[in-house]
Amino acid sequence: MFKHLLQRSFVVFIMVGFIYSPIAIGASKKPIILKPCTQCHEAEPGLLRGKLQSVSRKAKTMQIFMGSATWQVTYDAATELDGAKAFNKIGKDKEVAVSYAKRGNIYVATEVGVKQAADIPVEWIIDAKGMADLISKNKGKLALYDARPGKFFPQGHIEGAVSNYDAMFDKNIAKLPKDKDQLVVFYCGGPT
């Protein structure tokens, strides 16, 4: 009887090991940065970069979407918030950067930054018709650059444009015209 009990205990132990080992393995490989964020940022320990999925004011938790995984992070009165008036005022799918500390098995946000739309002066913004007019009036005198991530350039761009992704601007200075008086125009996919 003791031998039978020992065998059953061993089988249960093995089954529990198989059930929980993928969770432990998966937890260690959980991404800390959403893939589109890697165009401008690198993964950093203690920092999550992703999209906010939901906030529970009652439980004081938020869920951060990372593509293949979602992190649940708690917040408290000491958590600093930048870019929103309150946690429940952050819109769904807004890009956030969450600095966190691990307390036991709980991830506690120490600081949450909400990505803001680019602050572009109104006088710098033109519509498609204005852009077409600008190009036709300045043929040969205009340097036109596509500031979107490079992967979008082959999918479609304005004729005559050169890909010069704004996050890689410092590495692409050589693409700019030598004549400092030449009209330079950058376009993008809109504020993000």
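Filter the stretch 165-178 for residues that are surrounded by 10 or more Cβ atoms within 10 Å (Cβ to Cβ) and modelled with pLDDT under 90; which is farthest from Ala118 (Cα to Cα)? Quick ask: steps written out before the conclusion?
Residues of the stretch 165-178 surrounded by 10 or more Cβ atoms within 10 Å (Cβ to Cβ): 165-169, 171-172, 175-177.
In the following step, the residues that additionally are modelled with pLDDT under 90 were identified as 165-169, 171-172, 175.
Numbers: Tyr165: 15, Asp166: 12, Ala167: 13, Met168: 16, Phe169: 16, Lys171: 21, Asn172: 21, Lys175: 23 Å.
Out of the qualifying residues, it is Lys175.
Against the list (1) surrounded by fewer than 16 Cβ atoms within 10 Å (Cβ to Cβ); (2) out of contact with any Phe, Trp or Tyr (no Cβ under 9 Å at 6 or more places or on another chain), the condition Asp93 fails is (2).
The residues of the stretch 89-134 that are more than 17 Å from the chain's Cα centre (by Cα) and either acidic (Asp, Glu) or on the phi > 0 side of the Ramachandran plot (or both), listed by number, are Gly104, Asp119, Glu123, Asp127, Asp133. Among the residues of the stretch 136-170, those identified as part of a helix (DSSP H, G or I) and under 21 Å from the mean Cα position of the chain (by Cα) are Gly150, Lys151, Phe152, Phe153, Asp166, Ala167, Met168, Phe169, Asp170.
Pairing each residue of the stretch 72-95 that is among the charged types (D, E, K, R) with any residue that is outside any strand (DSSP E or B), provided the two are 6+ apart or on different chains, yields C-beta distances under 6 Å for Glu95/Lys115.
Can you go through Ile125, Ile106 and tell me which one is among the β-branched types (Val, Ile, Thr) and in contact (Cβ under 8 Å) with a residue 12 or more places away in the chain? Explain how you work it out, then say what you get.
On the way: Ile125 fails: in contact (Cβ under 8 Å) with a residue 12 or more places away in the chain.
After ruling out the rest, the residue left standing is Ile106.
The values are calculated or read from the model by the stated rules, or taken from the named source; none is laboratory data. These figures come from a predicted structure and were not determined experimentally. For neighbour counting, all protein chains shown are included, and Cβ atoms are generated from backbone atoms with ideal geometry for every residue, glycine included.
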